[in-house]
Amino acid sequence: MSVPYRVFRDQLGNGIRLCTVEAPYLHGATVAVYVRAGSRYESPATNGLSHFVEHMLFRGSSQFPSSFALNRAIEERGGTLHAETGRDYSLYQISLHPDEIGGALEILGDLFTTPTFRDIDLERSIILEEILEDFDERGRKVNIDDLAREDAWPGQPLGYSIVGPTRNVRRFKTEDVRRHFGRFYGGRNLVVCVAGRVRRGPVLRAARRAFAQVAPGRKAVPRPPRISLAGPRFRTSWNDSSQTQVQMLFYALPEWDRDYAAMVALLRVLDDGMSTRLHYRICDQKGLAYSVSAALEPLFDTTLLEVDAACAHAKLPELVREVLSILDELRTSPASDAELAKAKRRYRGDLEAGYDDIDGLCGWFGGTELFFRPDTHVERMRRMDKVTVGDLRRVARRVLRRERLTAVALGALERSQAREVRQQFRKF
């Protein structure tokens, strides 16, 4: 397995790291800026401020002094500004024709150097509308991702809502936004990644011009997660819906753990298509749900293994029983050689398909570079090739444990149904 791209790393004088992924076989390009700013860097008083800053940056800069001027400048070059805030970092990204990369870097450089932070009350109203999506008409939170993470990371920034509570959003002032921006948007907290049909030399020269005035700032270091092995933790929350959602989270392994590749393979044995265990047993054979899924949520220093499903309220106890039975089988009985071989083939296919995903290349090399040097595609495949069925069983025994489990059910559950589900988790 060889790779068709080349990766170059440079550091600007103010500490910004520049990652250039030359992929001449592609026809487009993406410039992405990754910022070490997100909910895990916040306190209860500042929770939601990273997301607020992201919104306020769309209000323009000195060269593009309004949201219209900023977006018009980007769209005239064939791109669209995309931004998002997560727990580990914030992202600002423009995908466009390779000939326009210099202009995109210039726009982002001006935005990160001289933001206007205008119209805070207007932007506040937009964020408050966004927050409403997480609540029902009675003010009850119905975002199961937030509910589950509150319980998995109690009293920790990793358990905070990314958008923050309404009370914080209502009181944030322009001074708060500028202070947060000044603290986290310095060069030592930024990685700029340019990928696609580009060349290192012109990209480096354009990036130096565009970001020359960004202050170095101080490197932000988040507190490490505190894993509480006191599970299983289970909570029910009411929602007037036709189905009950359930989410099960297991504390899993960080990317540098020796068993990380085995954990990725284990996930694919569990859920990687309609013929894998989770879908086949839950949906095809038992008819307990229309869909069920499992995924990894990797953070830079930990990971959550997540199982999600939704079903009729009365079916939830049986669905949970069957999911836990499948997970228990992975701990007690080795997966078959055929299952592992299939997982490896599909993993290789997805890796090689990633060569054609410009945004994915940026995330792979740029987003990871914020925290540590990422493996190449070849290195990841080499690790996957070494995984054995014994490794799958070992990692299942490490991760799929009752004390590592947090679960939330969101729906119109009767008390007897909730008690039965709770007993299922205790027996696991």
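The values are calculated or read from the model by the stated rules, or taken from the named source; none is laboratory data. Here the structure is a predicted model, which means the values were calculated and not measured. So basically every Cβ, Gly included, is an ideal-geometry build from the backbone, and we count neighbours across all protein chains shown. The accessibility values were calculated without ligands, DNA or RNA, using every heavy atom of the protein model including side chains. Shrake-Rupley method; radii C 1.70, N 1.55, O 1.52, S 1.80 Å.
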Test set (1) open to solvent by 30 Å² or more (accessible area, probe 1.4 Å); (2) touching a Ser or Thr at 6+ places or on another chain (Cβ under 9 Å); (3) free of Cβ contacts under 8 Å to residues at least 60 places away in the same chain - Asp359 fails condition number
(3)
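From the list Ala343, Ala353, which residue is among the aliphatic types (A, V, I, L, M), closer than 30 Å to Ser90 by Cβ and part of a helix (DSSP H, G or I)?
Step by step, each of Ala343, Ala353 is checked, and only Ala353 is among the aliphatic types (A, V, I, L, M), closer than 30 Å to Ser90 by Cβ and part of a helix (DSSP H, G or I).
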Unmet criterion (only one of (1) out of contact with any helix residue (DSSP H, G or I) (no Cβ under 6 Å at 6 or more places or on another chain); (2) closer than 16 Å to Asp119 by Cβ; (3) open to solvent by 40 Å² or more (accessible area, probe 1.4 Å)) for Arg72:
(2)
For residues that are farther than 20 Å from Leu70 by Cα and among the aliphatic types (A, V, I, L, M), scanning just segment 110-151, find the one that is surrounded by the most Cβ atoms within 10 Å (Cβ to Cβ).
Ala148
What are the pairs with Cβ atoms under 6 angstrom where one residue, in segment 1-16, is in contact (Cβ under 8 Å) with a residue 24 or more places away in the chain and the other, located anywhere, is assigned to a loop (DSSP other than H, G, I, E, B)? Sequence gap at least six, or different chains.
Pro4/Tyr25; Tyr5/Ala23; Asn14/Val214; Asn14/Pro216; Gly15/Pro216; Ile16/Phe211
Reported set for segment 83-100 where residues are over 16 Å from Gly60 (Cβ atoms) and open to solvent by less than 10 Å² (accessible area, probe 1.4 Å) is Ser90
Among the residues of segment 256-270, count how many are in contact (Cβ under 8 Å) with a residue 24 or more places away in the chain, assigned to a loop (DSSP other than H, G, I, E, B) and open to solvent by less than 60 Å² (accessible area, probe 1.4 Å).
1
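For segment 369-428, list the helices (runs of 4 or more DSSP H) that sit wholly inside it and hold at least 1 residues that are hydroxyl-bearing (Ser, Thr, Tyr); which are they? Walk me through how you get there before you give the answer.
Working: elements: 377-385, 389-399, 415-427.
In segment 369-428, 415-427 are the helices (runs of 4 or more DSSP H) which contain 1 or more residues that are hydroxyl-bearing (Ser, Thr, Tyr).
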